[in-house]
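See below for the structure under consideration.
The values are calculated or read from the model by the stated rules, or taken from the named source; none is laboratory data. Just so you know, these numbers come straight off a predicted model, no measurement behind them. Neighbour counts are summed over all protein chains in view; Cβ atoms, including those assigned to glycine, are modelled from backbone coordinates with ideal geometry. Protein only, heavy atoms only, side chains kept; ligands, DNA and RNA dropped before computing areas. Shrake-Rupley method; radii C 1.70, N 1.55, O 1.52, S 1.80 Å.
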Amino acid sequence: MQKFTIKLIPGDGIGIDVINEAVRVLQRLSELHGGVKFDFQPLPWSCEYYLKTNCMMPQDGLQILADCDSILLGAVGFPGVPDHISLRELLLPIRVGFDQYVNLRPVKLLPGLSSPLKNEAIDFVVIRENSEGEYCGSGEIKSPDTPAETVIQNSVFTRKGTERIIRYAFEYAKNHRLHKVMSATKSNALNYSMVFWDKVFAEVKSDYESFEASQMHIDALAGYFIMHPDRLQVVVASNLFGDILTDLGSAMLGSIGISPSANLNPEGKYPSMFEPIHGSAPDIAGKGIANPVGTLWAAAMMLDHLKLEDMSSKLMDAVSKVLLAGNVRTPDIGGKSSTTEVTDAVIAAL
Ligand code: NAD
Ligand code: IPM
Ligand code: MN
């Protein structure tokens, strides 16, 4: 029997619902398999926890997580706790502390989904830098609450951080028999960070001469996502650009509730973390209508990462089957079903 310890951080709002659903599906997959067991260890870290304890996770939070095989996270953030506290004290410290420097986000129109775009040939990945850049968290407020108030938000781009993510993008293309890598830049305006990003991109691409390597300014690239998604294969982007592009990517699939995210520490020194790209959706929290597909897809990415590829494809096949049948789906993609009904259908399809 193979055993995997999965630490769960359901978090806030719909994060709780979608993690419950992922656990049900993973448990069913484990029963069907017979030789794989998941030990799910839920952690209460959330905004509710913060209001009781004044911290989003305990001081030794990373140590508590360190010995697991993977982390599955729902969503963090809720009215009552400022977002820059909840995210800066829980989600981002895990990504950075565990050196999960790759945030892999597929943008793929699954069978049965319909895109708001005319062009439905959508199947590419965004490889988002996940450990530094615009998210470095450093800055300064000068003369607060005076007419001279001046706020500085820094970005930090290191050679190590920039080179490894760009190289990862080319290696990803190579390992997946893809030949195109697109870099998201904005070196016309960001005269330090993105000029440096472009320089490193040019250096790395010279090691991959048989690949078609291009770059576009992020504004033009956002338009290109809409106009020519079929021309994209691998997109590599900084932390903030990758964040924005992937909500756009998910919207191209019909809903922000669809897309998954794998926060990877490729060296395997620390656990990796899997989550949907969406947030806690306070506007629909407690209504039981959150789309669970993003989280189920994230769970499938986790199974791939744990080298349980058969289980992962069974799960994605079942999700696709339900989407294709079309009669059980949540309201965000035009249905009337609840979160639980969608998962029940996925379990039945398994
Ligand atoms: P959001 O993703 O929570 O919601 C945006 C819109 O999409 C809302 O209308 C919501 O109802 C809808 N939506 C999101 N997920 C859905 C799903 N699974 N099914 C159906 N509809 C869905 O983004 P937001 O409103 O900007 O953020 C809300 C909170 O979540 C904030 O506190 C934010 O900081 C946090 N957040 C957390 C994460 C994370 O933990 N990884 C990610 C994004 C936002
Ligand atoms: C995401 C989220 C986070 C991010 C927020 C909540 C800090 O939007 O995972 O995409 O920007 O990375
Ligand atoms: Mn985001």
**Item:** Complete set of residues in segment 146-158 that are surrounded by fewer than 13 Cβ atoms within 10 Å (Cβ to Cβ) and either part of a loop (DSSP other than H, G, I, E, B) or among the polar types (S, T, N, Q) (or both)
**Value:** THR146, PRO147, ALA148, GLU149, THR150, GLN153, ASN154
**Request:** Among the candidates LEU221, LEU296, LEU190, single out the residue that is out of contact with any Phe, Trp or Tyr (no Cβ under 9 Å at 6 or more places or on another chain), more than 16 Å from ligand 3 (Cβ to nearest atom) and not acidic (Asp, Glu).
**Result:** LEU296
**Message:** I'd like to check something: does segment 129-136 contain any residue that is open to solvent by 40 Å² or more (accessible area, probe 1.4 Å) and modelled with pLDDT of 95 or more?
**Reply:** yes
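Condition test on ASP83, is it open to solvent by 10 Å² or more (accessible area, probe 1.4 Å), in contact (Cβ under 8 Å) with a residue 60 or more places away in the chain and farther than 29 Å from VAL328 by Cβ? Write out each step before concluding.
Numbers: open to solvent by 10 Å² or more (accessible area, probe 1.4 Å): yes; in contact (Cβ under 8 Å) with a residue 60 or more places away in the chain: no; farther than 29 Å from VAL328 by Cβ: yes.
Here the answer is no, as ASP83 does not meet what is asked.
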**Request:** Please tell me if GLU163 is within 24 Å of the chain's Cα centre (by Cα), surrounded by fewer than 15 Cβ atoms within 10 Å (Cβ to Cβ), modelled with pLDDT of 95 or more and assigned to a helix (DSSP H, G or I).
**Result:** yes
**Message:** Could you check segment 93-145 and list, in sequence order, the residues that are on the phi > 0 side of the Ramachandran plot, touching a residue at least 40 places away in the same chain (Cβ under 8 Å) and assigned to a loop (DSSP other than H, G, I, E, B)?
**Reply:** ASP99, GLY112, GLY137
**Message:** So, restricting to helices (runs of 4 or more DSSP H) that lie completely within segment 275-350, which ones have at least 1 residues that are away from ligand 1 (no atom under 16 Å from the Cβ) and more than 19 Å from LEU26 (Cα to Cα)?
**Reply:** 309-325
**Fill in**
Output for Cβ contacts, cut-off 9 Å, separation at least six or different chains, first residue near ligand 2 (Cβ under 9 Å from one of its atoms) in segment 240-255, second open to solvent by 50 Å² or more (accessible area, probe 1.4 Å), reads LEU240/TYR135; LEU240/SER155; ASP243/TYR135; ASP247/ILE256
**Residue match in segment 307-321 (condition: closer than 30 Å to ILE166 by Cβ, open to solvent by 20 Å² or more (accessible area, probe 1.4 Å) and within 16 Å of ligand 3 (Cβ to nearest atom))** = no
**In segment 190-213, residue nearest to ILE166 (Cα to Cα) [restricted to those that are open to solvent by 40 Å² or more (accessible area, probe 1.4 Å) and not charged (D, E, K, R)]** = ALA202
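Here's the yes/no breakdown for (1) out of contact with any strand residue (DSSP E or B) (no Cβ under 8 Å at 6 or more places or on another chain); (2) within 30 Å of GLY161 (Cα to Cα):
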{"position": "LEU8", "(1), (2)": "no, yes"}
{"position": "ILE19", "(1), (2)": "no, no"}
{"position": "ASP69", "(1), (2)": "no, yes"}
{"position": "LEU72", "(1), (2)": "no, yes"}
{"position": "ILE94", "(1), (2)": "no, yes"}
{"position": "PHE98", "(1), (2)": "no, yes"}
{"position": "PRO116", "(1), (2)": "yes, no"}
**Prompt:** If we keep just the residues of segment 63-80 that are within 16 Å of ligand 1 (Cβ to nearest atom) and loosely packed, with under 15 Cβ neighbours inside 10 Å, which is farthest from ILE226 (Cα to Cα)?
**Reply:** GLY80
**Filter pass, GLY34 being small (Gly, Ala, Ser), touching a helix residue (DSSP H, G or I) at 6+ places or on another chain (Cβ under 8 Å) and free of Cβ contacts under 8 Å to residues at least 40 places away in the same chain** = no
**Asked** Taking segment 229-247 as the region of interest, how many residues are closer than 11 Å to VAL125 by Cβ and more than 16 Å from ligand 3 (Cβ to nearest atom)?
**Response** 4
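If you check LYS186 against the conditions, is it free of Cβ contacts under 8 Å to residues at least 12 places away in the same chain, of a type in the set (D, E, K, R) and either more than 16 Å from ligand 1 (Cβ to nearest atom) or open to solvent by 20 Å² or more (accessible area, probe 1.4 Å) (or both)? Working first, answer last.
Working: free of Cβ contacts under 8 Å to residues at least 12 places away in the same chain: no; of a type in the set (D, E, K, R): yes; either more than 16 Å from ligand 1 (Cβ to nearest atom) or open to solvent by 20 Å² or more (accessible area, probe 1.4 Å) (or both): yes.
The answer is no for LYS186.
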**Message:** For segment 206-262, give me each residue that is closer than 28 Å to ILE333 by Cα, of a type outside the set (Ser, Thr, Tyr) and assigned to a loop (DSSP other than H, G, I, E, B).
**Reply:** HIS228, LEU232, GLN233, LEU253, GLY254, ILE256, GLY257, ILE258
